[in-house]
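These notes concern the structure reproduced below.
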Amino acid sequence: MKQVSKFTTIICFLLAILYGCKKEERLDHFDADAPAPRNVDNIKVTSTPGGAILTYDIPADPNLSYVRAVYEIQPGVFKEAKSSVYTDTLRLEGFGDTKQYEVKVYGVGRNEKGSEPATVMVQPLTPPVYSAFNDLTIEPGFGGIKVKLKNAYKANLAIVIEADTLGNGIKFPLRTFYTNSPEASYAVRGLSATEKKFYVYLRDRWNNKSDTLEKTLTPYFEQPVAKPYDMVKLPTDSWEPTADSYPMSRMWDGLVDIWIFASKRTKPLPVWFTIDLKSTYTLSRMKMHQRGSPYTYTGGNVKRFELYGSNSPDIDGGWSNWQLLGTFDSTKPSRKPSGATTEDVDYAFTQGEDFELTETPPPYRYVRIKVMDTWGGDIQVWITELSFFGEKK
């Protein structure tokens with residue numbers, strides 16, 4: 001009974017505190033009636049690609065909160081740039097040409113009152129969306145086309161690819177790639193080996209668009225090598241699955257998901273394995289999907305490898321009857337020394353990285369992959385999915 005009484009007393013005490021507290025009023029530490037800050041003056045302009053940098057004297061006014069620039073990048077499209085009271089620089093961006101533009105600069109008080117505008121004229125340098133267009137190329141590829149771009153200013157750009165696939169003059173969207181890498185190379189696949197007119201243009205994040213590069217091309221013929229492939233275990237093949245749930249057959253199950261092939265960490269690199277394609281093919285390229293995020297470009301994902309072909313593999317597992325088809329290096333679109341961007345993950349995991357043969361080889365039935373290095377320096381090897389393309393002979 002005493003415990004119940006004690007508990008009731010505590011509850012009453014807490015309720016008394018709760019109802020006894022009054023809601024504190026917000027304290028605004030500024031004077032709503034204070035005048036607008038002094039005008040911003042001594043503004044200097046430095047032109048940049050697609051923008052400008054403004055420097056100025058910070059007004060000596062205790063009511064100043066920040067400085068704001070207002071400008072029009074397209075008819076009816078206005079942008080603002082702001083900087084705090086602790087810096088004397090404003091960066092303007094988004095202009096789509098090299099014309100002169102009017103910019104109004106305000107000092108803004110803590111009460112959001114703005115000063116009289118200081119008006120300056122800026123004239124941007126050539127926007128990156130146009131300078132990058134000058135270094136845009138397209139060329140035929142296996143099953144489609146290849147697009148290459150130099151993006152010196154590392155601008156955020158969309159590469160929009162269209163084609164007249166029916167020959168009726170109507171553009172059909174094929175693919176849009178997004179990049180801010182200094183150099184980019186992409187491929188559109190799955191097209192027939194017939195002549196088509198292709199259209200490629202660039203777009204930035206302010207919807208400024210470059211001219212359109214038009215070119216009539218004929219993609220090179222190729223077909224996918226039919227799956228499933230067969231595993232061939234030769235005496236010197238130096239791989240073993242790390243567990244029964246990560247067998248080699250994961251590489252050709254047609255699924256790009258969490259289930260991968262993973263080797264044991266029992267032997268140092270290089271590690272090699274042999275695959276039977278079941279028919280002879282003149283190979284044109286190979287596609288490899290890395291392990292997905294957060295593992296992309298880390299750990300056992302393949303960074304450097306050699307590809308070999310043969311029609312009569314050495315019974316003892318040797319290399320005498322194998323022909324080197326190419327040495328390949330995996331690349332990261334962002335070129336970041338560590339970590340992976342969304343673009344990187346899409347390129348290496350979702351879409352898969354393509355490795356094209358530079359010379360047309362003889363037809364082969366068996367292929368051998370020798371892994372020389374991994375992205376994380378790991379002796380374990382990870383591969384989510386592997387596909388081959390070429391022409392059946």
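FYI, it's all coordinate maths here, none of it is from the lab. Small disclaimer: the values here were computed from a predicted structure and weren't measured. Quick reminder, even Gly has a Cβ in these numbers, built from the backbone with ideal geometry, and neighbours come from all protein chains shown.
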Requested in this report: Identify the residue in segment 240-280 that is in a loop (DSSP other than H, G, I, E, B) and β-branched (V, I, T) and, among all such residues, is surrounded by the fewest Cβ atoms within 10 Å (Cβ to Cβ).
Outcome: I258
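So which residues in segment 332-354 are surrounded by 16 or more Cβ atoms within 10 Å (Cβ to Cβ), out of contact with any helix residue (DSSP H, G or I) (no Cβ under 6 Å at 6 or more places or on another chain) and within 25 Å of I145 (Cα to Cα), if there are any at all?
Listed by number, the residues that qualify are T341, E343, D344, V345, D346, Y347, A348, F349, Q351, G352, E353, D354.
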Report summary line: Of all strands (runs of 3 or more DSSP E) fully inside segment 101-149, the set with 2 or more residues that are in contact with a Leu (Cβ under 7 Å, 6 or more places away or on another chain) and either at positive phi or of a type outside the set (V, I, T) (or both) is 101-109, 136-141
Query raised in the report: Restricting the search to segment 150-172, which residues are in a strand (DSSP E or B) and either polar (S, T, N, Q) or free of Cβ contacts under 8 Å to residues at least 40 places away in the same chain (or both)?
Result: K150, I161, E162, A163, D164, F172
Query raised in the report: Y130 fails exactly one of the following numbered conditions: (1) surrounded by 19 or more Cβ atoms within 10 Å (Cβ to Cβ); (2) free of Cβ contacts under 8 Å to residues at least 60 places away in the same chain; (3) out of contact with any helix residue (DSSP H, G or I) (no Cβ under 9 Å at 6 or more places or on another chain). What is the number of that condition?
Result: (2)
Query raised in the report: Among (1) touching a strand residue (DSSP E or B) at 6+ places or on another chain (Cβ under 9 Å); (2) not in a strand (DSSP E or B), which single condition is P235 missing?
Result: (1)
Query raised in the report: Within segment 69-82, is there a residue that is of a type outside the set (D, E, K, R), assigned to a loop (DSSP other than H, G, I, E, B) and crowded, with 17+ Cβ neighbours inside 10 Å?
Result: no
Query raised in the report: Can you pull out the residues in segment 297-313 that are crowded, with 23+ Cβ neighbours inside 10 Å and within 18 Å of the chain's Cα centre (by Cα)?
Result: Y297, N301
Report summary line: Restricted to segment 358-379 and to residues being surrounded by fewer than 19 Cβ atoms within 10 Å (Cβ to Cβ) and touching a Lys or Arg at 6+ places or on another chain (Cβ under 8 Å), the residue farthest from F261 (Cα to Cα) is P363
Query raised in the report: If you check every pair at least six apart or on different chains, which have Cβ atoms under 6 Å apart with a residue in segment 233-249 that is touching a residue at least 24 places away in the same chain (Cβ under 8 Å) first and a residue that is surrounded by 15 or more Cβ atoms within 10 Å (Cβ to Cβ) and among the charged types (D, E, K, R) second?
Result: E240/K264; T242/K264
Query raised in the report: Of the numbered conditions (1) touching a helix residue (DSSP H, G or I) at 6+ places or on another chain (Cβ under 6 Å); (2) under 24 Å from K227 (Cα atoms), T296 satisfies every one except a single condition; which is it?
Result: (2)
Report summary line: Within segment 83-100, the count of residues that are in a loop (DSSP other than H, G, I, E, B), of a type outside the set (A, V, I, L, M, F, W, C) and farther than 30 Å from A32 by Cβ comes to 6
